[in-house]
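Report on the structure given below.
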Amino acid sequence: MCGIVGAAARRDIVPMMIEGLRRLEYRGYDSCGVATVGEGKLSRVRSVARVADLAAQVSKQKLAAETGIAHTRWATHGAPVTKNAHQMVSRDEIAVVHNGIIENFRELRDKLGQKGTKFGSETDTEVVAHLVSDELSQGKAPAAAVDSALKQLRGAFALAFLFSGEDDLLIGARRGSPLAIGYGKGEMYLGSD
């Protein structure tokens, strides 16, 4: 199973997310990543090495933001290679991380493929990203798009979403898998272990 850390705050949360991933290392994982949204744009860094390698990449890129999601992955769909490492992005407008399994992802992938969606990974998580993007393309706001997409999913999951142009928005959802929400003064957190 995977691990998720996310935060929306009034300070740089990237160091906290890296520390959260370090604390999840005991579970074992084959890849890890961080995605942020700032100044309206999504950024992400992924690694198939250790969290220490990811931290070095983040430092080199000087990644900093007030809203983000981070992830450790234990592959269930797709080999442990960079293209399958989370965060999954669709149309550079949404980033998603996932703990659990989407049981009907092949059916949803086929449906989206018939609409012309191109996939860059072998994961069930990318299907979720494209499904929400499809809902956004119909004019729905992010929360409504996530809600519509969730109604189409079968399985047990915890999910966290970021959206380009929405620097203060972090959406979490769960069904069956754990998802803890934390409230702080001017800060919100989520995690799934």
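Provide a single number: the residues in the range 144-161 that are in contact (Cβ under 8 Å) with a residue 12 or more places away in the chain and in a helix (DSSP H, G or I). So the count comes out to 5. Taking the criterion of being out of contact with any Cys (no Cβ under 7 Å at 6 or more places or on another chain), hydrophobic (A, V, I, L, M, F, W, C) and outside any strand (DSSP E or B), the residues of the range 29-61 that qualify are Val48, Ala49, Ala52, Ala55, Ala56, Val58. Here Gly139 fulfils each of the conditions (1) closer than 23 Å to Cys2 by Cα; (2) part of a loop (DSSP other than H, G, I, E, B); (3) at pLDDT 95 or above apart from (1). Scanning the range 176-188 for residues that are open to solvent by 60 Å² or more (accessible area, probe 1.4 Å) and either within 15 Å of Gln87 (Cβ to Cβ) or touching a strand residue (DSSP E or B) at 6+ places or on another chain (Cβ under 6 Å) (or both) yields a total of 5.
Quick check on the range 78-85. Is at least one of its residues polar (S, T, N, Q), assigned to a loop (DSSP other than H, G, I, E, B) and either open to solvent by 20 Å² or more (accessible area, probe 1.4 Å) or modelled with pLDDT under 95 (or both)? Checked the range 78-85: no residue is polar (S, T, N, Q), assigned to a loop (DSSP other than H, G, I, E, B) and either open to solvent by 20 Å² or more (accessible area, probe 1.4 Å) or modelled with pLDDT under 95 (or both).
On the given criteria, is Asn104 of a type outside the set (Ser, Thr, Tyr) and modelled with pLDDT of 95 or more? Yes; evaluated as a whole, the condition is true for this residue.
The values are calculated or read from the model by the stated rules, or taken from the named source; none is laboratory data. Owing to the predicted nature of the structure, the values given are computational and were not obtained by experimental measurement. Virtual Cβ from ideal backbone geometry, glycine too; neighbours counted across all protein chains shown. Accessible surface areas use protein heavy atoms only, side chains included; no ligands, DNA or RNA. Shrake-Rupley method; radii C 1.70, N 1.55, O 1.52, S 1.80 Å.
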